[in-house]
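Asks: Attaching a single structure in C-alpha cells format; questions to follow.
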Amino acid sequence: MTGAPGSSQRIVIRGGTSITGSNQPIFVIDGNIINNSNFRNGDDLNNQVDYGNRGNDINPDDIESISILKGPAASALYGSQAANGAVMITTKKGKRVATNGKSKMDVTFHSNVTFSSVLKLPEFQNTYGQGDLDNTDNDRRENFSWGYAFDGKLRPWGQEINGKQRIKPYEAQPDNMRDFFQTGSTFTNSLAFSGGSEKSDYMLSFSSLKNKGIVPTMGFDKYSVHFNGSSDLSNKFTTAITLNYSNIASILPSGGQRDASIYDQLLQTPRDIPITDGRDLDDPYNRYDDVTGLYGFYGAYTTNPYFVLNNFRNTNNVDRVLGNFSVTYNGWSFLSITNRFGGDIYSDRRIQKWKKFDYKPIDIFYSGTNPAQPQNKQVFQGKYAEDNFNRTLYNNDLLFNFKHSFNEDFKGTLL
C-alpha cells in the first residue's frame, strides 16, 4: 500500500506469491511430508525481502541422515506429489539396550560459533568523485561519480545548513561500502537427552540459534524442541511418535531498488562520500526531520543507509508444529501393517513498516525551488503491511509390508 499525498494510512493484509516451483522435490521427515514453500510478498521490484523457505525450521543437530529418492521410488511411496523426487530426512533416536540390559540416559551438549563477513563486492573505480554529466562536475545533488578527478584538495560537500557546509578532502573512499557492513555471528547451542530400555527408546532435544547479520541491526533467532520415541506394547504391537516445535523471529533487509533497499543506496553512493559518517542520525547533516519535512543528507537522490536501517523494517515470526504417530502390527512372519498419521501446522507472520513521510532537501541548490517559496513537507503516508500465512497439512498412510524368503539366495518384499 502506498498512500497518496493527503490520503489516510491503511493497513493491508494480503496474500503472497509462492516461488517454490512445481518441479521441486518434496520434503519428508520421518515419513511425514512437510511443507517447504518459499513465499514472497508479491512481485514488486521495489520491495524484495527474502524470508527463506520452511526448511529453515529444521534443526540440523536433530538430523541423523538425509537421502534422496528419485522418480518411481519416490512416487511409489508418496504418489504424484513426489514425481520430482523426495528429500528423505531421518531424525535421531534413542538406543535400545540388549535383553536384560540396564536402561540408561545419555546427555549431549553441542555448541558452536561462526563468524561471517562480506567476501566480494563489485569492483569500483576510484578516480572520479561526485558530479553529473550535464557539465556540472561539482553537482552536490548527484549520486553519480562522474565529477572531477580526485586531487586530494579540501572541498565542501553535502548540503548547506544554517549557512555552513562540511569540508573534506576530495579523495576516494575505496572501502566506503565495505566499512558499512559488520562482522556477522551465529551462536548455536543444543542439549539432548536420549536413552532406552529393552522395549522402548526416546530422545528429547532443545536448541537455540542466535544470528547477527552482516547488515547492522539485522538478525535471525530460532528456538526448537524435538521429541522422538517408540515403544513395544506387546510382541505384536509397536508405537512411535515424533514431535517438533520451532519458533523463528527475524529482522530482514529489503532488496531490489528504491528507498527501502540498503544495498541500492550503497551502490548509488559516490566514491568520495564516507558512508559511515552518516551513522549519527542526530547530526543535522544526516537527519531527516519529521517536524520541518527537510533532510540534510549529502545527496538529493540517495537515502542515508543508516536512516533506512531505522525506518524501513521487515520483521518475521514463525511458529511451527510438525510430527506423526504410528502403530505397527507384526502379527505374521510375512506381513506387517503400519498406520501413520502426521501433521504439519505453521503460522508465518510478516510486518513491513516504511518511513511515514517523504522529504525535501534543506539546501536550495538541491531542490531547485524558489528561495522565496517555503519548503513545505511533502506528505507521504508510507507503508504498513501485514502478511499472514497459516498452513495445515495432514497425511495418513496405511502401509502393508510383505516379505518372503524363497530360499537362501532369493528374497522378496512388497509394499
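The values are calculated or read from the model by the stated rules, or taken from the named source; none is laboratory data. No experiment lies behind these values; they were computed from the predicted model shown. Here the Cβ is made from the backbone with ideal geometry for all residues, glycine too, and neighbour counts use every protein chain on show.
Asks: Residues in region 166-198 that are polar (S, T, N, Q), out of contact with any strand residue (DSSP E or B) (no Cβ under 7 Å at 6 or more places or on another chain) and farther than 25 Å from residue 225 by Cα: how many?
Replies: Taking region 166-198 and keeping what is polar (S, T, N, Q), we get 173, 176, 182-183, 185-186, 188-190, 194, 197.
Remaining after also requiring out of contact with any strand residue (DSSP E or B) (no Cβ under 7 Å at 6 or more places or on another chain): 173, 176, 182, 197.
Then drop every residue that is not farther than 25 Å from residue 225 by Cα, which leaves 173, 176, 182.
Adding up the residues that qualify gives 3.
Asks: Continuing with this model, one more query. Within the set of pairs 6 or more residues apart or between chains, which connect a residue that is in contact (Cβ under 8 Å) with a residue 40 or more places away in the chain inside region 166-177 to a residue that is of a type in the set (Val, Ile, Thr) and surrounded by fewer than 19 Cβ atoms within 10 Å (Cβ to Cβ) with Cβ atoms less than 8 Å apart?
Replies: Here the result reads 172/127; 176/276, each pair linking region 166-177 to a residue that is of a type in the set (Val, Ile, Thr) and surrounded by fewer than 19 Cβ atoms within 10 Å (Cβ to Cβ).
Asks: So residue 51 clears everything in (1) loosely packed, with under 14 Cβ neighbours inside 10 Å; (2) more than 30 Å from residue 340 (Cβ to Cβ); (3) out of contact with any Gly (no Cβ under 7 Å at 6 or more places or on another chain) except one condition, right? Which one?
Replies: (1)
Asks: Right, something else. I'd like to know if region 318-325 contains one or more residues that are under 27 Å from residue 125 (Cβ atoms), in contact with a helix residue (DSSP H, G or I) (Cβ under 7 Å, 6 or more places away or on another chain) and in contact (Cβ under 8 Å) with a residue 60 or more places away in the chain.
Replies: No, that holds for no residue.
Asks: Additional query: Which of the residues that make up region 161-213 are of a type in the set (Asp, Glu) and under 30 Å from residue 296 (Cα atoms)?
Replies: Taking region 161-213 as the starting set, the residues that turn out to be of a type in the set (Asp, Glu) are 171, 175, 179, 198, 201.
Passing the criteria: 171, 175, 179.
Asks: Could I ask something else about it? Six or more apart or on different chains, Cβ under 7 Å: which pairs go from a residue in region 383-405 that's hydroxyl-bearing (Ser, Thr, Tyr) and surrounded by fewer than 13 Cβ atoms within 10 Å (Cβ to Cβ) to one that's part of a strand (DSSP E or B) and modelled with pLDDT under 90? Could you list them?
Replies: 405/411
Asks: Another one. Scan the strands (runs of 3 or more DSSP E) fully inside region 309-415 and keep the ones with 3 or more residues being of a type in the set (Asp, Glu) and either over 30 Å from residue 159 (Cα atoms) or modelled with pLDDT of 90 or more (or both).
Replies: Numbers: elements: 313-329, 335-354, 383-407, 410-414.
Counting at least 3 such residues, we get 383-407.
Asks: Residues in region 167-192 that are of a type outside the set (A, V, I, L, M) and surrounded by 15 or more Cβ atoms within 10 Å (Cβ to Cβ): how many? Show your work before the answer.
Replies: Here is the first cut: in region 167-192, the residues of a type outside the set (A, V, I, L, M) are 168-171, 173-176, 178-190.
In the following step, the residues that additionally are surrounded by 15 or more Cβ atoms within 10 Å (Cβ to Cβ) were identified as 168, 170-171, 173, 176, 180-182, 184-186, 188-190.
Result for region 167-192: 14.
Asks: Please find, within region 260-303, the residue that is farthest from residue 172 (Cα to Cα) out of those that are free of Cβ contacts under 8 Å to residues at least 40 places away in the same chain and among the aliphatic types (A, V, I, L, M). Steps first, answer last, please.
Replies: Step one: of region 260-303, the residues free of Cβ contacts under 8 Å to residues at least 40 places away in the same chain are 263-264, 277-283, 286-287, 291.
Narrowing further to those that are among the aliphatic types (A, V, I, L, M): 281, 291.
Details: 281: 24, 291: 35 Å.
In this case the residue turns out to be 291.
Asks: Then there is this: Filter region 87-102 for residues that are small (Gly, Ala, Ser) and over 42 Å from the mean Cα position of the chain (by Cα) and give the result.
Replies: Listed by number, the residues that qualify are 98, 101.
Asks: Would you pick out the residues in region 30-68 that are at pLDDT 90 or above, touching a Ser or Thr at 6+ places or on another chain (Cβ under 7 Å) and of a type outside the set (D, E, K, R)?
Replies: 63, 65, listed by residue number.
Asks: Keeping to region 228-240, report how many residues are in contact (Cβ under 8 Å) with a residue 60 or more places away in the chain and either acidic (Asp, Glu) or surrounded by 15 or more Cβ atoms within 10 Å (Cβ to Cβ) (or both).
Replies: Residues flagged as in contact (Cβ under 8 Å) with a residue 60 or more places away in the chain and either acidic (Asp, Glu) or surrounded by 15 or more Cβ atoms within 10 Å (Cβ to Cβ) (or both) within region 228-240 amount to 5.
Asks: Next up: Looking only at residues in region 247-287 that are assigned to a strand (DSSP E or B), at pLDDT below 95 and hydroxyl-bearing (Ser, Thr, Tyr), which one is nearest to residue 186 (Cα to Cα)? Break it down stepwise before answering.
Replies: Filtering region 247-287 down to residues assigned to a strand (DSSP E or B) leaves 247-251, 254-255, 261.
Adding the requirement that they be at pLDDT below 95 leaves 254-255, 261.
From what's left, hydroxyl-bearing (Ser, Thr, Tyr): 254, 261.
On the way: 254: 21, 261: 24 Å.
Applying the filter and picking the extreme gives 254.
Asks: Search region 99-122 for residues that are over 24 Å from residue 193 (Cβ atoms) and pair each with any residue that is surrounded by 10 or more Cβ atoms within 10 Å (Cβ to Cβ) and among the hydrophobic types (A, V, I, L, M, F, W, C) when their beta-carbon atoms are under 8 Å apart and the residues are at least 6 apart or on different chains.
Replies: From region 99-122, the pairs are 116/214; 117/181; 117/214; 118/181; 118/214; 121/177; 122/267.
Asks: Being modelled with pLDDT of 95 or more and touching a His at 6+ places or on another chain (Cβ under 9 Å) is the requirement here; does residue 204 meet it? Before you say what the answer is, go through the steps one by one.
Replies: Numbers: modelled with pLDDT of 95 or more: yes; touching a His at 6+ places or on another chain (Cβ under 9 Å): yes.
Taking the combined requirement at face value, the residue satisfies it.
Asks: Just for strands (runs of 3 or more DSSP E) wholly inside region 126-206: which have at least 3 residues that are closer than 29 Å to residue 264 by Cα and not polar (S, T, N, Q)? Walk me through how you get there before you give the answer.
Replies: Numbers: elements: 154-161, 164-169, 184-196.
It comes to 154-161, 164-169.
Asks: Okay, moving on. Among the residues that make up region 99-122, is at least one of them hydrophobic (A, V, I, L, M, F, W, C), surrounded by 12 or more Cβ atoms within 10 Å (Cβ to Cβ) and touching a strand residue (DSSP E or B) at 6+ places or on another chain (Cβ under 8 Å)?
Replies: Kept after step one, since they are hydrophobic (A, V, I, L, M, F, W, C), are these residues of region 99-122: 105, 107, 109, 113, 115, 118-119, 121.
From the residues that got through so far, the ones that are surrounded by 12 or more Cβ atoms within 10 Å (Cβ to Cβ) too are 118, 121.
Filter again for touching a strand residue (DSSP E or B) at 6+ places or on another chain (Cβ under 8 Å), leaving none.
Looking through region 99-122, none of the residues is hydrophobic (A, V, I, L, M, F, W, C), surrounded by 12 or more Cβ atoms within 10 Å (Cβ to Cβ) and touching a strand residue (DSSP E or B) at 6+ places or on another chain (Cβ under 8 Å).
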